[in-house]
1. Determine which single condition Gly63 fails, assuming it passes every other condition in (1) under 30 Å from Ile106 (Cα atoms); (2) of a type in the set (Gly, Ala, Ser); (3) at pLDDT 95 or above.
2. Taking Phe185 as the residue in question, decide whether it is in contact with a Ser or Thr (Cβ under 7 Å, 6 or more places away or on another chain) and either open to solvent by 30 Å² or more (accessible area, probe 1.4 Å) or basic (Lys, Arg) (or both).
3. Residue check, Trp113 against (1) open to solvent by 40 Å² or more (accessible area, probe 1.4 Å); (2) in contact with a Lys or Arg (Cβ under 7 Å, 6 or more places away or on another chain), all met but one. Which one?
4. Can you pull out the residues in the range 72-131 that are of a type in the set (Ser, Thr, Tyr) and more than 19 Å from Ala36 (Cβ to Cβ)?
5. Can you tell me how many residues in the range 225-261 are under 14 Å from Ala124 (Cβ atoms) and free of Cβ contacts under 8 Å to residues at least 40 places away in the same chain?
6. Of all residues in the range 82-116, which are of a type in the set (S, T, N, Q) and under 20 Å from the mean Cα position of the chain (by Cα)?
7. Quick one: count up the residues across the range 255-280 that are within 9 Å of the chain's Cα centre (by Cα) and either open to solvent by less than 10 Å² (accessible area, probe 1.4 Å) or assigned by the TED database to the domain that holds Leu126 (or both).
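The values are calculated or read from the model by the stated rules, or taken from the named source; none is laboratory data. The structure presented is a predicted model; accordingly, all values stated were derived computationally and were not measured. Neighbour counts are summed over all protein chains in view; Cβ atoms, including those assigned to glycine, are modelled from backbone coordinates with ideal geometry. For the accessible areas, the whole protein counts, side chains as well, though only heavy atoms, and no ligand, DNA or RNA atoms are used. Shrake-Rupley method; radii C 1.70, N 1.55, O 1.52, S 1.80 Å.
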Amino acid sequence: MSEPETAPAGAKPAPSNLVMRVLAALVLAPLAIALAYAGGWLWALLVTLVSIGLFAEWLMVVGAGSVALTASGTIVLAIMGFCVAFGALKTAVVTGLVGGAIVTLIARGKFVWAASGFAYASAALLASILVRQDLVNGFAALMFVLLVVWVTDIGGYFAGRGIGGPKLWPRVSPKKTWAGALGGFAASLAVAAGFAACGLGKAVPLLLVSAVLSVVSQLGDLFESAVKRRFGVKDSSHLIPGHGGLLDRLDGFVAAILAAWIIGFLRHGVHSAGSGLVVW
């Protein structure tokens with residue numbers, strides 16, 4: 001969510017909205033960091049609840065938010081979260097596959113969108129927990145992803161507002177600019193430089209990983225914007241003051257954490273994905 005979807009191009013954000021955004025971030029960011037640090041079932045619980053929220057919001061956006069569909073997805077995601085939190089990854093995957101089939105059957109006419117939303121929420125759940133479960137570098141890897149996404153968001157917001165210029169993809173997200181995208185990208189590299197300076201990985205590989213995650217994060221943002229525009233929806237909900245809903249706030253993180261887990265998995269395997277991401 002690099003730049004807000006409202007307000008004319010070049011206009012400064014309304015003070016009240018900016019204040020709400022800052023206050024919400026000041027509350028939610030420390031909470032997320034604290035639970036990420038705690039890890040274990042506490043982090044898994046947060047991720048599971050958020051994933052359920054993502055699925056519910058997705059269904060509302062695509063107009064498929066029936067009680068039966070929402071309830072079935074909620075139950076399946078809760079079981080998946082419990083299983084993966086306590087080491088039963090295969091059971092979680094099987095549960096997800098069976099649950100996805102059930103969700104698809106219940107959705108009927110909206111089965112493609114419902115299945116896509118369930119896959120989206122499930123991927124967010126599994127990747128977020130598995131990256132943190134690395135016993136050696138799980139917390140560092142998770143913080144790396146979070147910080148890259150956050151500074152991409154912040155850098156994009158202020159670069160887009162301050163510089164303006166050509167639009168990034170006006171048909172999908174009319175307010176986002178190339179300046180914002182590049183500003184967020186540049187800001188993300190500072191995270192890699194900071195980790196390398198602290199001895200948490202080598203500079204060049206971390207810069208490359210940070211660049212990939214920043215781009216993927218922004219693509220995730222555009223993807224969510226495209227889905228909302230397809231269904232004529234402005235915000236996925238009004239759950240978070242100044243930010244909209246969970247989908248609006250976490251679109252970039254979902255894409256980035258999935259990409260981060262894939263990178264880590266390809267290098268160090270399923271249960272050491274955190275090390276695979278940051279240790280080079």
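1. If we test Gly63 against (1) under 30 Å from Ile106 (Cα atoms); (2) of a type in the set (Gly, Ala, Ser); (3) at pLDDT 95 or above, just (3) comes out false.
2. Values: in contact with a Ser or Thr (Cβ under 7 Å, 6 or more places away or on another chain): yes; either open to solvent by 30 Å² or more (accessible area, probe 1.4 Å) or basic (Lys, Arg) (or both): yes.
In short, yes.
3. Unmet for Trp113, out of (1) open to solvent by 40 Å² or more (accessible area, probe 1.4 Å); (2) in contact with a Lys or Arg (Cβ under 7 Å, 6 or more places away or on another chain): (2).
4. If we filter the range 72-131 for residues that are of a type in the set (Ser, Thr, Tyr), which is where we start, we get 72, 74, 91, 95, 104, 116, 120, 122, 128.
Scanning the range 72-131 gives Ser72, Thr74, Thr91, Thr95, Thr104, Ser116, Tyr120, Ser122.
5. Result for the range 225-261: 1.
6. Ser116
7. Here the count works out to 2.
Yes or no, residue by residue, for (1) assigned by the TED database to the domain that holds Val227; (2) surrounded by fewer than 22 Cβ atoms within 10 Å (Cβ to Cβ); (3) among the hydrophobic types (A, V, I, L, M, F, W, C); (4) over 28 Å from Phe231 (Cβ atoms):
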site: Leu125; (1), (2), (3), (4): no, no, yes, no
site: Gly155; (1), (2), (3), (4): yes, no, no, yes
site: Gly160; (1), (2), (3), (4): yes, no, no, no
site: Lys167; (1), (2), (3), (4): yes, yes, no, no
site: Arg171; (1), (2), (3), (4): yes, yes, no, no
site: Ala192; (1), (2), (3), (4): yes, no, yes, yes
site: Ala196; (1), (2), (3), (4): yes, yes, yes, yes
site: Leu200; (1), (2), (3), (4): yes, yes, yes, yes
